[in-house]
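Let me begin by presenting the structure, written as structure tokens, before commenting on it.
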């Protein structure tokens, strides 16, 4: 059954949801729903009603982190027993706890974080990482979906939501924070820009290309980012202090 | 005469000087001197005494920015009239003004900033940029050396010291500042590190691989970096303020 085509409802067709739905559609039957009728239908996806989407045996939620609570409260009553629900949030402790609390015990739950999007996956998703946290699910079903994602070329990484959030605060969290701060400075490419500066501009462009709300949610819904921001502030202030009292030489 | 082999004295064989001397030696006769006898002699370079080095018709100074004043005061009396002196400092206004003030009028002066080093030039210097500012020099000599550097594969960029320093503060200056700040945080590579995070780690590694004194000098001897640091501080504090009062949701 591994690699066999499954029916998947993709709930939410925003920037990430649309991308993920079209990737899934290359391997599976994908029924897509968006509350926004103006969203275009991703390639290979069948556009369906909300109820049809939630009637699929597997439902993948592609909604913002801050919408998760409201969405789960709404869909909890609409899902058939035995449905497998996966989220795709870029933080994991918060949505995993929400799903455990708000979805009935007959619903199976895997928390996932597909670590790519329309930008990083523009040349395909082969080899890109996906964090995979079975929360409340039959072991064979978890194994099947791990294999399904691997069959799509992804690097599936088993990791607890807690470990995910701790590592992300000091990797993605700090990258987005720096990118957004530098985004405020309107840096320009320079004919004398070094290779390292070009990498810095790439980071600014990539992080500022994501929606602002995603950035805020990544910081807000990952409690480990507070420690990251605190340490960053200390390090920056120490460095600024070093130069504050600097004496300029003559000839400048 | 363009591309013809010239005799060059390279004064200083530190991390950059040694690299630059070996690159020059592939095209020219290079006489190298270091005050530190333990420095190894770069490939293709003839190790000579200080006086022999300074007797070359072209002398390239590869000393730290902060040593320039002392070095120029010392060598001013030792250089023969008509000698061409080029510096290689990563800032330009300060050493250019120093050279004009401290070297006798019979000495010709070109300020240069070869924008590479042993790390960025590890696979060769073809296509890498070199800022080139003729300060007090016969136009034909300036043209000859611009052509000589182009014949080595470099991208020669004519630019005034002032423009150089302004652009560098907000490109190399900010990159090194961010890299050094993040260097304090001991970031680790992560199995779930995004592509942007890997770029950030590259920046930290590249900038922290340069000597600490070079970092300090780049900030200290480029007066435009004060404005850069000031704007960075404002942007970071604004961003930190946004998150300071954040309310964490339940389920975390």
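Values in this text are rule-based calculations from the coordinates and carry no lab data. Treat the numbers as computed from the prediction; the structure is a model and nothing was measured. For neighbour counting, all protein chains shown are included, and Cβ atoms are generated from backbone atoms with ideal geometry for every residue, glycine included.
Can you give the % of DSSP beta bridges in segment B:49-185 that are antiparallel, to the nearest 5?
In segment B:49-185, approximately 35 percent of DSSP beta bridges are antiparallel ones.
No solvent, one uniform scatterer per C-alpha: report log10 I(q)/I(0) for the protein assembly as shown via the Debye equation at q = 0.07, 0.13 1/Å, two decimals.
Normalising to I(0) and taking log10 leaves -0.51, -1.10.
Per residue, how much space in cubic angstrom lies within the convex hull of the C-alpha atoms of segment B:9-146?
104
Could you give the C-alpha radius of gyration of segment A:82-165 expressed as a fraction of 2.2 N^0.38 Å, taking N as the number of residues it contains?
Normalised Cα radius of gyration, segment A:82-165: 1.08.
For chain B, compute Rh as the Kirkwood radius over C-alpha pairs and then the Stokes-Einstein diffusion coefficient at 37 °C and 0.692 mPa s; write the answer in µm²/s, rounded to an integer.
165
Only bridges whose two residues both fall in chain B count here: according to DSSP, what percent of them are antiparallel, nearest 5?
20
Calculate, for residue A:7 and residue A:123, the FRET efficiency according to 1/(1 + (r/R0)^6) with r their C-beta to C-beta distance and R0 30 Å; round to the nearest 0.05.
That gives a FRET efficiency of 0.60.
Segment B:1-77 to segment A:226-244: how many Å between their Cα centroids?
Taking the Cα centre of segment A:226-244 as reference, the centre of segment B:1-77 is 39 Å away.
Return the percentage of antiparallel bridges among DSSP beta bridges fully within the protein assembly as shown, rounded to the nearest 5 %. Mind showing how you got there, number by number?
Values: 12 of 58 bridges.
Antiparallel: roughly 20 percent of the beta bridges in the protein assembly as shown.
Shortest first, in nm, what separates the label point of residue B:157 from those of the same position in the other copies (7 Å along Cα→Cβ)?
In nanometres, ordered from closest: 3.5.
Got the relative contact order for segment A:1-108 handy, in percent, Cα pairs under 8 Å and 6 or more residues apart?
Numbers: 187 pairs, mean separation 27.1, N = 108.
Relative contact order here is 25 percent.
Specify, for chain A, the residue whose C-beta is closest to the rotation axis mapping it onto chain B, with the distance given in whole Å.
So the closest residue, with its distance, comes out as A:199, 2.
How high is the relative contact order of chain B? Use alpha-carbon pairs under 8 Å, at least six apart in sequence, and give a whole percent.
Computed over chain B, the figure is 14 percent.
Starting from the Kirkwood Rh over alpha-carbon pairs, what translational D in µm² s⁻¹ does segment B:52-109 have by Stokes-Einstein at 20 °C and 1.002 mPa s?
190
I need the inter-copy label distances for residue A:189: point set 7 Å along Cα to C-beta, values in nm with one decimal, smallest first.
2.8
Please give the helix B:15-25 orientation as an angle from the longest Cα principal axis of chain B, in degrees from 0 to 90, rounded to the nearest 10.
Result, in degrees: 50.
Enter the angle in degrees (range 0 to 90, nearest 10) between the Cα long axis of helix A:93-102 and the first principal axis of the Cα atoms of chain A, meaning the one along which they spread out most.
30
What are the nm distances, shortest first, from residue A:245 to its equivalents in the other copies, labels at 7 Å along Cα→Cβ?
3.4
Please report, in whole Å, how far the alpha carbons of segment A:148-222 spread along each principal axis, starting with the longest.
Per principal axis, max minus min of the Cα coordinates gives 46, 30, 19 Å.
Hey, any idea what the orientation-averaged projected area of the convex hull of segment A:102-143's Cα atoms comes to, in nm²?
With every direction weighted equally, the projected area is 4.0 nm².
How would A:155, B:242 line up from fewest to most surrounding beta-carbon atoms within 10 angstrom?
Starting with the residue having the fewest Cβ neighbours, the order is B:242, A:155.
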